[in-house]
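The values are calculated or read from the model by the stated rules, or taken from the named source; none is laboratory data. Note that the coordinates shown come from a computational prediction; the quantities given were computed from them, not determined experimentally. When we count neighbours, we look across all protein chains shown, and the Cβ atoms used for this are built from the backbone with ideal geometry, even at glycine.
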Amino acid sequence: MPFSNTAELIGEDTFTDSVEKRHIATVNSSWIRGDANTIKIKKVAEESLSTPLPGAKFELSTVAMENKSPKIGANGPALEQPKVGTTKENGEISFTEMSLVKADSTTYTLYCLKETNAPEGRTISQEYREGYYFILYADGGLSKAEEFQKQASAAIEKEVHLIIGGNTLTISNAKVKTSSVKVTKLFSGLDSLPDGFQITNSYNDTVFTAKNAEKGTGKTGDPYEWTIENVPVGTEITFTESGYTKDGYSVTINGKAVTEENADKVAATSKESEIKTAAFTNVYRSEETSTSITKIWDDDNNRDNKRPASIDVKLTAKVGGSEITGLSKTATLKAANGWKASWSDLPKYYNGQLVEYSADEVNTPAGYTKSVSGDITKGFTITNRYTPETIQVSGSKNWNDDGNAAGTRPGSITIRLYANGSEIDHKTVTEKDGWSWNWTGLNRYDTDHKEISYTISEDAVDGYTSSISGYNVTNTVNKPQVGSVILTKVDATTGTALAGAIFDLYRANNTKVGTYTTNAGGVLRVDGLT
């Protein structure tokens with residue numbers, strides 16, 4: 001704010017002199033009056049010089065010039081300890097026993113006056129906050145004082161003022177300008193803020209909560225509002241949010257994760273003729289999880305063609321045993337999606353309570369059984385089992401050989417089983433097996449879902465002819481061919497027929513047929529041989 005940049009000296013003898021070149025006023029207004037070896041300070045308001053300001057605290061000290069560069073020479077009298085004081089109701093305070101520069105002085109004292117506390121509603125200027133440096137001189141000592149002024153200014157690298165004893169220095173002063181600072185709060189993703197939510201500030205002890213909000217609901221377009229009044233212009237206030245977390249939810253503040261540094265802090269600086277706002281926007285998201293439902297078919301690759309083209313499954317969400325329909329999910333599984341459905345945005349909590357998820361299929365296909373395994377973390381698996389239809393092939397042997405009268409029946413036979421013309425098994429069958437055979441657990445359908453044709457065959461049995469009816473086999477012994485044996489016995493020398501020669505006749509299997517004798521003509525004939 002504009003302020004006077006001149007100082008006016010008013011003497012007791014009504015002597016007036018402008019010393020603008022040697023004096024600079026500040027935003028604090030003080031009257032400094034030299035009365036012999038005494039300084040009287042009177043604080044008045046800038047807007048009304050007749051209005052005193054009590055409560056201003058000052059500190060007066062001396063500066064040790066020999067410790068400065070360049071050195072100036074011997075100092076004048078110095079204060080061992082700073083003098084302090086507070087203006088009274090009349091706005092005045094006096095410091096006595098001051099040192100004055102006279103025309104013949106060889107030393108001087110450099111004073112530093114600081115205002116350490118301003119009256120309520122007033123500001124302390126930078127000059128008086130950091131220190132107002134001056135030399136006090138007596139009437140007739142101005143030239144000497146100016147010489148010392150130059151030396152002191154060069155030494156401390158600051159402006160040094162001259163004050164004549166017995167006169168008064170008037171310095172303008174201004175009121176503290178104030179404004180308001182507002183803080184607002186928006187949130188989404190929750191019905192209400194956590195009970196422990198609050199906002200504190202660095203300016204005063206006021207704690208802002210949802211209950212003491214001046215207006216608003218906190219919801220989109222209608223933020224909570226709180227206001228701090230009478231904040232000095234230029235004051236930065238840092239607002240800090242706490243108690244904003246809620247179990248089962250992640251939260252961002254103004255788009256920042258709460259793990260980021262100062263994410264829960266927002267600052268605003270008061271400004272003249274404008275209400276500055278510190279805004280908090282919290283977005284809550286329920287902690288999420290993911291899962292899947294996978295269908296497994298245990299039906300021998302749909303051998304019997306019973307598997308449906310699709311099946312509906314459901315992921316049920318429950319809290320406290322009751323379904324939360326808005327959180328439950330359904331999906332249609334089919335070959336095109338690999339018989340699998342997945343979800344990645346499932347809330348872990350609902351109104352602060354853990355959500356329990358389970359999986360099932362809406363309808364189990366006819367002929368199938370069902371089992372469900374897994375959990376929300378591993379994913380769910382629904383297995384449908386179907387046992388393909390099987391058949392049995394059984395048969396037996398019928399021997400048509402007069403009870404093996406000729407002893408030609410073998411000890412075993414071999415029966416072979418065919419599926420659609422391809423051999424798939426064979427069995428060796430004996431009398432111990434009752435000359436019967438049996439195959440069980442044979443698939444009724446092939447992998448193309450067509451019914452399988454099963455047939456049998458028998459390895460050839462010597463001496464028998466086989467016939468197959470269904471899965472039964474009849475073996476009929478072959479009838480023997482009837483023949484004769486004619487033998488003529490003669491003398492090897494004369495060729496004369498020899499009667500009475502005796503022979504034994506045997507079959508090929510070394511069984512004896514009989515004993516026979518040649519007749520008078522030397523001939524032996526046996527007929528009806530088989």
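Details
- When 436, 396 are checked against the criterion of being loosely packed, with under 15 Cβ neighbours inside 10 Å and either touching a helix residue (DSSP H, G or I) at 6+ places or on another chain (Cβ under 7 Å) or in contact (Cβ under 8 Å) with a residue 40 or more places away in the chain (or both), 436 stands alone in meeting it.
- When segment 364-381 is filtered for residues that are exposed (fewer than 12 other Cβ atoms within 10 Å of the Cβ) and of a type in the set (Lys, Arg), only 378 remains.
- Residues (at pLDDT 95 or above, over 14 Å from residue 266 (Cβ atoms) and in a loop (DSSP other than H, G, I, E, B)) located in segment 212-234: 212, 213, 214, 216, 217, 218
- Those residues of segment 110-131 which are at pLDDT below 90 and buried (at least 18 other Cβ atoms within 10 Å of the Cβ), in sequence order: 118, 119, 122, 123, 124, 125, 127, 128
- Neighbours by Cβ (under 9 Å, 6+ apart or cross-chain): first from segment 41-55, in contact (Cβ under 8 Å) with a residue 24 or more places away in the chain and loosely packed, with under 14 Cβ neighbours inside 10 Å; second not hydrophobic (A, V, I, L, M, F, W, C) and not in a loop (DSSP other than H, G, I, E, B): 47/175
- Identity of the residue in segment 477-490, under 16 Å from residue 503 (Cα atoms) and either free of Cβ contacts under 8 Å to residues at least 12 places away in the same chain or not small (Gly, Ala, Ser) (or both), that ends up surrounded by the most Cβ atoms within 10 Å (Cβ to Cβ): 489
- Condition check for residue 311: among the β-branched types (Val, Ile, Thr), touching a Phe, Trp or Tyr at 6+ places or on another chain (Cβ under 7 Å) and surrounded by 13 or more Cβ atoms within 10 Å (Cβ to Cβ): no
- When the residues of segment 491-530 are filtered to those that are of a type in the set (Lys, Arg) and in a strand (DSSP E or B), the one that is surrounded by the fewest Cβ atoms within 10 Å (Cβ to Cβ) is 512.
- Given (1) at pLDDT 95 or above; (2) closer than 17 Å to residue 473 by Cα; (3) surrounded by 13 or more Cβ atoms within 10 Å (Cβ to Cβ), index of the condition residue 401 fails: (1)
- The set of residues from segment 93-106 being within 10 Å of residue 144 (Cα to Cα) and part of a loop (DSSP other than H, G, I, E, B) comprises 102, 103, 104, 105, 106.
- Residue 457 part of a strand (DSSP E or B) and over 30 Å from residue 388 (Cβ atoms): no
- Residue satisfying all of: in segment 272-282; of a type outside the set (D, E, K, R) and in a strand (DSSP E or B); surrounded by the most Cβ atoms within 10 Å (Cβ to Cβ) among these: 282
- When segment 239-251 is limited to residues that are modelled with pLDDT under 95 and not in a loop (DSSP other than H, G, I, E, B), the one that is surrounded by the fewest Cβ atoms within 10 Å (Cβ to Cβ) turns out to be 250.
- When segment 190-211 is filtered for residues that are outside any strand (DSSP E or B) and aromatic (Phe, Trp, Tyr), the ones remaining, listed by number, are 197, 203.
- Only one of 85, 131 that is in the same structural domain as residue 150 (by TED's automatic domain parsing), in contact (Cβ under 8 Å) with a residue 12 or more places away in the chain and under 60 Å from the mean Cα position of the chain (by Cα): 131
- Filter result (loosely packed, with under 14 Cβ neighbours inside 10 Å and of a type outside the set (Val, Ile, Thr)) within segment 178-218: 188, 191, 192, 195, 196, 202, 204, 205, 211, 212, 214, 215
- Subset of segment 382-393 that is of a type in the set (Ser, Thr, Tyr) and either more than 36 Å from the chain's Cα centre (by Cα) or loosely packed, with under 12 Cβ neighbours inside 10 Å (or both) - its residue that is nearest to residue 460 (Cα to Cα): 390
- Flag for residue 374 being assigned to a loop (DSSP other than H, G, I, E, B), out of contact with any Pro (no Cβ under 8 Å at 6 or more places or on another chain) and not assigned by TED's automatic domain parsing to the domain that holds residue 253: no
- Here residue 350 clears all of (1) surrounded by fewer than 15 Cβ atoms within 10 Å (Cβ to Cβ); (2) modelled with pLDDT under 95; (3) not assigned by TED's automatic domain parsing to the domain that holds residue 185 except the condition numbered (1).
- Residues (surrounded by fewer than 15 Cβ atoms within 10 Å (Cβ to Cβ) and either over 30 Å from residue 319 (Cα atoms) or without any contact (Cβ under 8 Å) to a residue 12 or more places away in the chain (or both)) located in segment 255-264: 255, 256, 257, 259, 260, 261, 262
- Every residue from segment 377-426 that is among the polar types (S, T, N, Q), within 30 Å of residue 346 (Cα to Cα) and outside any strand (DSSP E or B): 377
- Of residues in segment 508-525 being in contact (Cβ under 8 Å) with a residue 24 or more places away in the chain and of a type in the set (Val, Ile, Thr), the one farthest from residue 484 (Cα to Cα): 518
- Residues in segment 321-344 that are more than 28 Å from residue 309 (Cα to Cα) and in a strand (DSSP E or B): 322, 323.
- Being within 23 Å of residue 187 (Cα to Cα), in a strand (DSSP E or B) and of a type in the set (A, V, I, L, M, F, W, C) is a condition met by at least one residue of segment 283-305.
- Test for residue 212: is it in contact with a strand residue (DSSP E or B) (Cβ under 7 Å, 6 or more places away or on another chain) and in the same structural domain as residue 273 (by TED's automatic domain parsing): no
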